[in-house]
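Encoded as structure tokens, the structure appears first; notes follow it.
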2 protein chains.
Amino acid sequence: MTILYGDLRSRAHRVAWMLKELDLPFEHVPTHFLDGSTRQPEYLQINPNGRVPALQDGDFKLFESLAINLYLARKHGGPLAPANLQEDALAMQWALWVVSEVEKPLLFAAANLFLFAEHERNADEAAMAMRKLGRPFRVLDAHLRDRPYLLGDRFTVADLNVSSVMTLAPLAGIDLAEWAVMQEWLMRCLERPAAADWKPIKFRIPRPPTPLAVLESFV
Amino acid sequence: MTILYGDLRSRAHRVAWMLKELDLPFEHVPTHFLDGSTRQPEYLQINPNGRVPALQDGDFKLFESLAINLYLARKHGGPLAPANLQEDALAMQWALWVVSEVEKPLLFAAANLFLFAEHERNADEAAMAMRKLGRPFRVLDAHLRDRPYLLGDRFTVADLNVSSVMTLAPLAGIDLAEWAVMQEWLMRCLERPAAADWKPIKFRIPRPPTPLAVLESFV
């Protein structure tokens, strides 16, 4: 039995997307940090970090959403899976790249453009975060000019992982027109039927009260 | 021919370590960002992000240090490589975990404890970063109480990747005594002969001049 832990308004939507692409039956436990469920001793046995998502596949337990997706792709094969050692390496490269280069500045941009209450947004912070994102977005945009998907002609786990991290951009209404090829690819990925769980996500976050607390939240 | 790009005082030391563990001959090109080499058109053909390290293995090009190491382990096999699908998944999990949970707060802690000039350090920022690191460090410490290495009885690419990110702790003289099991494992990894390139690293970084610039550097 395969069990996915994590409310689908969290990073768990990334793994739900993969499970649906692979047409795998799974049990869903909507563990949520807001009600303390992620800090319960039983859940810490599944993921000692007290975060969601986590996967239990028989006796095997795994955390980190993008690692779970790479595991599921390899285990079940098919067109989403890497076809050889080099595709596998590139799928890992893009997963690590999106976490290193995109995830945190994108959250910070989204916070200052949308997720914070209007009077708590800071235009300088938003501009800085978008400037920072320009570097990886230019790389992605240029890469996709030569091929429709990250690894070539077909949609794979590499596209799923990178685009699922980037759901924050359309959710926060971030304008991606400057990177038109990337934007077109992103929406092509996110419009896949199996991806629909990200769409109803609506959340706000309170602005941390001090500059130090802002750093603590976003570093 | 295998070519490693990147001055060994950068994240390239992580890949040099892996190549030496595997006893692979390689050509080393010490591309460095300080002299503008990472922004040259020829280098951007190797890594469009303009960062080091990058690997060229015959015609195959790869960036992201931890992805390169996972690729090299899988390609060349031996005791460092994942032995099966589950070990492979766990090696990816730990690589993504260390980038998500440890790398940026550890750099911020190191900056405020050591890398910034003494009068530019901020004790509140250092304390915040160490508080933040307490969460992943407790997870790693507890995990290693039951097994000598991340995947079990032997040193693998998972240990190499996680410990190579953590070289910043001993470099900055960060006290890890609170997580004694983790500290003992870390030093056991970093004392391996193939790992020696991290030891001569000595660098300082200037404190960014404004709170916004601090955010820009560390988010």
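Inter-copy label distances at residue B:3, shortest first and taken from points set 7 Å along Cα to Cβ: 5.1 nm. Grab the beta carbon distance between residue A:83 and residue B:191, set R0 = 35 Å, and tell me the FRET efficiency rounded to 0.05. With R0 = 35 Å, the Cβ-Cβ based efficiency is 0.35.
Against the empirical curve 2.2 N^0.38 Å, the C-alpha radius of gyration of region B:85-198 lands at a ratio of 1.07.
Hydrodynamic estimate: the Kirkwood radius of region A:2-76 over Cα pairs, inserted into Stokes-Einstein at 20 °C and 1.002 mPa s, corresponds to D of 178 µm²/s. Rounded to the nearest 500, the 222 nm mean residue ellipticity of chain B from helices alone is -14000 deg cm²/dmol, with -39,500 (n - 2.57) taken per DSSP H run of at least 4 residues.
Using a label position 7 Å from Cα in the Cα→Cβ direction, what is the ascending list of nm distances from residue B:58 to the same site in the other copies? Taking the point 7 Å beyond Cα along Cα→Cβ, the inter-copy spacings are 3.3 nm. Measuring nothing but how far apart in sequence close Cα pairs (under 8 Å, 6+ apart) lie, relative to its length, chain A scores a relative contact order of 21 percent. Shortest first, residue B:131 label-point distances to identical copies amount to 2.9 nm, with the label point at 7 Å from Cα along Cα→Cβ. Placing one equal scatterer on every Cα of chain B and applying the Debye formula, the log10 ratio I(q)/I(0) at q = 0.08, 0.19 Å⁻¹ is -0.29, -1.51. Based on every Cα atom in region A:132-219, Rg and the maximum pairwise Cα distance Dmax equal 15.1, 47 Å. Restricting attention to chain B, close to 75% of DSSP beta bridges with both partner residues there are antiparallel. Among beta bridges from DSSP that stay inside the protein assembly as shown, the antiparallel ones total about 75%. Mean partner shielding of peptide A:62-69, defined as the number of other chain Cβ atoms within 10 Å of each residue Cβ, is 6.
Taking Cβ atoms as reference points and 15 Å as the exclusive limit, the residues near residue A:90 contribute a net charge of -2, counting Lys and Arg as +1 and Asp and Glu as -1. Note on the protein assembly as shown: the alpha carbon radius of gyration divided by the globular reference 2.2 N^0.38 Å gives 0.93.
Tell me which trypsin sites (Lys or Arg not before Pro) from region B:138-219 have a DSSP coil assignment and no more than 15 other beta carbons within 10 Å of their own. Taking region B:138-219 and a limit of 15 other Cβ atoms within 10 Å, the loop trypsin sites (Lys or Arg not before Pro) found are B:154, B:202, B:204. If R0 equals 30 Å, the separation of the Cβ atoms of residue B:143 and residue A:1 corresponds to a calculated FRET efficiency of about 0.75.
Model label points for residue B:131 and residue B:20, set 7 angstrom from Cα along the Cα-to-Cβ axis, are 3.9 nm apart. Where Lys and Arg each count +1 and Asp and Glu each count -1, what net charge lies around residue A:1 among other residues with Cβ under 11 Å from its Cβ? Once positives and negatives cancel, what remains is -3.
Return, ordered by residue number, the residues of region B:115-152 whose backbone nitrogen is under 15 Å from a label point located 7 Å along Cα→Cβ of residue B:213. Only B:116-117, B:120-121 fall inside the zone, counting backbone N under 15 Å. One Cα centroid belongs to region A:38-109, the other to region B:128-192; the line between them spans 21 Å.
No value in this document is a laboratory result; all are computed from the given coordinates. Keep in mind it's a predicted model, so treat the numbers as computed, not measured. No Cβ is skipped: glycine too gets one built from the backbone with ideal geometry, and neighbour counts run over all protein chains shown.
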